[in-house]
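Some notes on the structure that comes next.
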Amino acid sequence: MMQRKEVMNAWNRRKATAYRSPQLQKADAFFNMVNNRTDNCWDDLVAEFRRNYYDSFDDIVPVMMETDNPLIMNNFARYANFNNPKELEAAKTFIRNCNAEKHQASLQAMASVPGLQQELQNKPNLPDSVRNALQAKA
């Protein structure tokens, strides 16, 4: 799976310079699990993350975003709990920093989230598909 390889490359880059904390060690365990359990799908990985690794959110989620992979970010948009302030803030950070053209499918999905609509409206150079999705939700 190409996504898995991209995630592991991003993790190895981040881990090389990160402060060694208990959360980082737990994140390392999570990424080792992702790498080793190749039979797991996104449903399985998200459930495992929420059940056993959520306290390492700040070390795990940014790695996913650093891949800049549209499919990975589309899955982020699909599985995020936008009622959770931490996940909502991660999505806002993504919106601010992403290439809107490249990630328009994720941004279209996020357009249905009331807590993200203002952030999307503030994003310069939104593709028409995302603007249309925002207008449809207004």
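The values are calculated or read from the model by the stated rules, or taken from the named source; none is laboratory data. Remember, predicted model here, so these are calculated numbers, not experimental data. Backbone-built Cβ (ideal geometry, glycine too); neighbour counts: all protein chains shown.
Those helices (runs of 4 or more DSSP H) of segment 4-97 in which at least 3 residues are under 29 Å from Leu126 (Cβ atoms), considering only elements entirely within it, cover 57-66, 70-79, 85-97. Looking only at residues of segment 1-22 that are under 11 Å from Asp59 (Cα atoms) and touching a helix residue (DSSP H, G or I) at 6+ places or on another chain (Cβ under 6 Å), we find that the one that is modelled with the highest pLDDT is Trp11.
Restricting attention to segment 41-85, and to residues there that are more than 15 Å from Gln3 (Cα to Cα) and of a type in the set (A, V, I, L, M), which single residue is surrounded by the fewest Cβ atoms within 10 Å (Cβ to Cβ)? So the residue we want is Ala47.
Anything in segment 108-119 that is surrounded by 17 or more Cβ atoms within 10 Å (Cβ to Cβ) and farther than 13 Å from Ala80 by Cα? List them, or say none. Scanning segment 108-119 gives Gln108, Ala111, Glu119. Of the residues making up segment 94-108, one or more are among the polar types (S, T, N, Q) and more than 27 Å from Met8 (Cβ to Cβ).
State yes or no: is Asn12 at negative phi, surrounded by fewer than 17 Cβ atoms within 10 Å (Cβ to Cβ) and over 16 Å from the mean Cα position of the chain (by Cα)?
Answer is yes for this residue.
Restricting the first member to segment 1-25 and to residues that are free of Cβ contacts under 8 Å to residues at least 40 places away in the same chain, and the second to residues that are assigned to a helix (DSSP H, G or I), the beta-carbon pairs closer than 6 Å and six or more apart or on different chains are Met8/Asn35; Gln23/Ser56; Gln23/Asp59; Leu24/Asp59.
Among residues of segment 23-57 being under 22 Å from Pro70 (Cα atoms) and among the polar types (S, T, N, Q), the one that is modelled with the highest pLDDT is Asn35.
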